[in-house]
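A short worksheet on the structure shown next.
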2 protein chains.
Amino acid sequence: MRLGVVFGGQSYEHEVSIISAIALSKVFKSEDVAYIFCDKDRKFYLIDPKNMVASYFKDGAYKTGGIGFGKPKDLHISNGGFYLNGMFSKDKFPVDVYINLIHGCDGEDGKMASLFDFFGIKYIGPRIEASVLSYNKILTKNLAALAGVKTINYAIVKKNSLATFKYPLILKPARLGSSIGIGIVNNSHELDIAMDKAFDLDDTAIVEPYVANIKEYNLAGCKIDGKFIYSNIEEPVKKDYLDFDQKYMDFSRTGKIEPAAVGQSVQDNMKEAFHKIYNTGGFDGALIRCDFFVINNEVYLNEINPCPGSMANYLFDNFTEVIKKLANSIELPKEIPVSYDLIDKLMDIK
Amino acid sequence: MRLGVVFGGQSYEHEVSIISAIALSKVFKSEDVAYIFCDKDRKFYLIDPKNMVASYFKDGAYKTGGIGFGKPKDLHISNGGFYLNGMFSKDKFPVDVYINLIHGCDGEDGKMASLFDFFGIKYIGPRIEASVLSYNKILTKNLAALAGVKTINYAIVKKNSLATFKYPLILKPARLGSSIGIGIVNNSHELDIAMDKAFDLDDTAIVEPYVANIKEYNLAGCKIDGKFIYSNIEEPVKKDYLDFDQKYMDFSRTGKIEPAAVGQSVQDNMKEAFHKIYNTGGFDGALIRCDFFVINNEVYLNEINPCPGSMANYLFDNFTEVIKKLANSIELPKEIPVSYDLIDKLMDIK
């Protein structure tokens, strides 16, 4: 069983994905894992594990090569997997299951899932529908409602829409992850600024009431052969609000966490909510992280990270083992039988 | 401006898509249009317009060639477009805008949209999110609710779920188009049979009350440079319920319709509902058909066809002109600026 990690992408989270993949390469250091980089032009490159350092990507050595780096190896994706480019190479690059580690656009919006599904490639990551539903915060709210999981009240805001709100509030662009464009807003002047920023990124945003000192917990997990495996629960360190820089640091994490001090019933409620979200369909095959708020012992879904930073490795006691088991359980979608019965009928009619 | 029609796919609607493309090739007979077939193994082939006949696909001549057919031409999709396979061909096949005419799975579930978006190819068709939302009947209900458009009441049914219903009802698998697996159910015995059939196709279904002689109308349209263009409105001929065979015949239509006799206010309401659905986001660039029910002059959305059969050409007075205008208006998504600011920061920290 050989794993491949696909990272990068044409996205605001391009560099976050690089950091995330470098972190994973440290976690997988004794494993035979392939690293495939998708650059900002959406060309794929095979990366030697020894080149998994930030400068290699930042300086473009992945496509130019250089002293000590070796020749760049570009790949293309096609039926069944990735293939090395070049006149004489028709061989599929030998990987059994890929990990979709492209964060944000390209990775979490359904594109990578679609490429893998279309080309019949096994992968760890959310399927198309689950990607789309967890990428858009409004659809995530609907998904949670369908699953019977609570979320914080919210309102949808469109460009130029007029509405009055109670302050303080949090404004979030509907479709970006990693806290990009998210800000706490204390008055109408700050709202104007926050809306300008948000509407640069998306045409729709949501507002939620800002609750100071709200308890937040992160729980990751996956379903393997019908059975759920959960990570430890972490209470993330935060200042006022997790901003991009802070969250970003999370992507480079490889150490283990101190499990949060949470009562058993709240833990159980979080796991139940996770289970309900995951089972809505489309998460099978993914290792996801759900971020929850807890208010008066009640659990609220904040967001779903369908491709969590560094795969939330730091939340698990036995991450590599979980990933391998999950990879082993992945199956390709059943082939749909194609028939020509109705064409025959139509041809008879003519 | 050269158009390309992509059809076929790994789907229950594979042959429906072939018929649909053949119909379009008749509509486009005096235009320079390229036809690209995606076979059941998801390999692409360039099809000479003179070979756009059902037997060419049914008998596999598209990949073997044969007397009078010429040599098969296989293609692959990559950055910027489709490319002819072969050692010496690195040239992109010259098409400006593709029409996504893959119905059902692959075409309407977000996969083709993802491929086009990922590889930076212009296309007519729903974007990823809109594909996913119109492919799943439960998500379509939510979308309509968000847009302020009414739909028929419904209940979600899962495999082995116990529930009692009022008969007659209609059972629909959540995720298939073209009426596949949809049946009228008059009693609990018929429900068992219908559920067996539906759960062969999907793990979730919905039930709606069956309303005999309900008025149904179809309206297609698109938005070009911010302005909506609507087709004529048709009242489809139906027996008890549109079954697959009947609907199938629709895919081969090229003649013009007799516009339905509908009062102006109902027409206006349908157009308003269409406008609201289309504007939820993600339909920009698509020509879609909405199927409505009208009950006591009130308009209810039945379903969204994001890649309608033969592009609903028969509903338009000036179809080719509309398609060309739409194609001209398509823009590639803005490139997201990729930065390495945070990598720099992290590298400083280390």
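Just to be sure, is A:Ser20 open to solvent by less than 10 Å² (accessible area, probe 1.4 Å), in contact (Cβ under 8 Å) with a residue 24 or more places away in the chain, in the same structural domain as A:Tyr98 (by TED's automatic domain parsing) and farther than 23 Å from B:Pro333 by Cβ?
For A:Ser20, the condition - open to solvent by less than 10 Å² (accessible area, probe 1.4 Å), in contact (Cβ under 8 Å) with a residue 24 or more places away in the chain, in the same structural domain as A:Tyr98 (by TED's automatic domain parsing) and farther than 23 Å from B:Pro333 by Cβ - is met.
What are the residue pairs meeting all of these: first residue in the stretch A:25-50, first residue closer than 19 Å to A:Tyr83 by Cβ, second residue of a type in the set (Ser, Thr, Tyr), Cβ atoms under 6 Å, and 6 or more apart or on different chains?
Between residues of the stretch A:25-50 that are closer than 19 Å to A:Tyr83 by Cβ and residues that are of a type in the set (Ser, Thr, Tyr), the close pairs are A:Phe37/A:Tyr45; A:Phe37/A:Tyr62; A:Tyr45/A:Tyr62; A:Ile47/A:Tyr35.
Among the residues of the stretch B:285-340, which ones are touching a helix residue (DSSP H, G or I) at 6+ places or on another chain (Cβ under 8 Å) and of a type in the set (Asp, Glu)?
B:Glu298, B:Glu303
Starting from the stretch B:285-307, take each residue that is hydroxyl-bearing (Ser, Thr, Tyr) and list its partners that are open to solvent by 20 Å² or more (accessible area, probe 1.4 Å), counting only C-beta distances under 6 angstrom and pairs at least six apart or across chains.
Close Cβ pairs (under 6 Å, with a partner that is open to solvent by 20 Å² or more (accessible area, probe 1.4 Å)) amount to B:Tyr300/B:Lys150; B:Tyr300/B:Thr151.
Determine which member of the set B:Lys26, B:Lys73, B:Lys63, B:Lys40 is closer than 28 Å to A:Ile336 by Cα and under 22 Å from the mean Cα position of the chain (by Cα).
B:Lys40
So the check is Cβ under 7 Å with 6+ separation or different chains; which pairs have a first residue in the stretch A:134-160 that's at negative phi and a second one that's open to solvent by less than 40 Å² (accessible area, probe 1.4 Å) and of a type in the set (Gly, Ala, Ser)?
From residues that are at negative phi, the pairs are A:Asn136/A:Ala174; A:Lys137/A:Ala174; A:Ile138/A:Ala174; A:Thr140/A:Ser134; A:Val149/A:Ala273; A:Thr151/A:Ala144; A:Val157/A:Ala205.
Report, by residue number, each residue of the stretch A:112-133 that is in contact (Cβ under 8 Å) with a residue 24 or more places away in the chain and part of a helix (DSSP H, G or I).
Answer for the stretch A:112-133, where residues must be in contact (Cβ under 8 Å) with a residue 24 or more places away in the chain and part of a helix (DSSP H, G or I): A:Met112, A:Leu115, A:Asp117, A:Ile128, A:Glu129, A:Ala130, A:Ser131, A:Leu133.
I'm checking my understanding of the structure. Among residues of the stretch A:111-130 that are among the basic types (Lys, Arg) and within 11 Å of chain B (Cβ to nearest Cβ), which one is most open to solvent (accessible area, probe 1.4 Å)?
Out of the qualifying residues, it is A:Arg127.
Find the helices (runs of 4 or more DSSP H) located wholly in the stretch A:1-102 whose residues include 3 or more that are within 14 Å of chain B (Cβ to nearest Cβ) and over 30 Å from A:Phe316 (Cα atoms), and list them.
A:61-64
Please go through the stretch A:131-164 and pick out each residue that is within 11 Å of chain B (Cβ to nearest Cβ) and under 22 Å from B:Pro333 (Cα atoms).
A:Ser131, A:Val132, A:Leu133, A:Tyr135, A:Asn136, A:Ile138, A:Leu139, A:Lys158
Which count do you get for residues in the stretch A:120-137 that are out of contact with any strand residue (DSSP E or B) (no Cβ under 6 Å at 6 or more places or on another chain) and among the hydrophobic types (A, V, I, L, M, F, W, C)?
Count: 4.
Which residues, taken from the stretch B:266-324, are aromatic (Phe, Trp, Tyr) and in a helix (DSSP H, G or I)?
Selection gives B:Phe274, B:Tyr278, B:Tyr314, B:Phe319.
Does B:Leu84 count as modelled with pLDDT of 95 or more and open to solvent by 20 Å² or more (accessible area, probe 1.4 Å)?
No: the conditions fail for B:Leu84.
Criterion first (open to solvent by 40 Å² or more (accessible area, probe 1.4 Å) and modelled with pLDDT under 95) does A:Glu258 satisfy it?
yes
Considering only residues that are assigned to a loop (DSSP other than H, G, I, E, B) and hydroxyl-bearing (Ser, Thr, Tyr), look in the stretch A:153-209 and name the one that is surrounded by the most Cβ atoms within 10 Å (Cβ to Cβ).
Per the criteria, the residue is A:Ser178.
The values are calculated or read from the model by the stated rules, or taken from the named source; none is laboratory data. Quick caveat, the model's predicted, so the values are computed rather than measured. Here Cβ is always computed from backbone atoms with ideal geometry, including for glycine, and neighbour counts include all displayed protein chains. Side chains included, ligands, DNA and RNA excluded: accessible areas come from the protein's heavy atoms. Shrake-Rupley method; radii C 1.70, N 1.55, O 1.52, S 1.80 Å.
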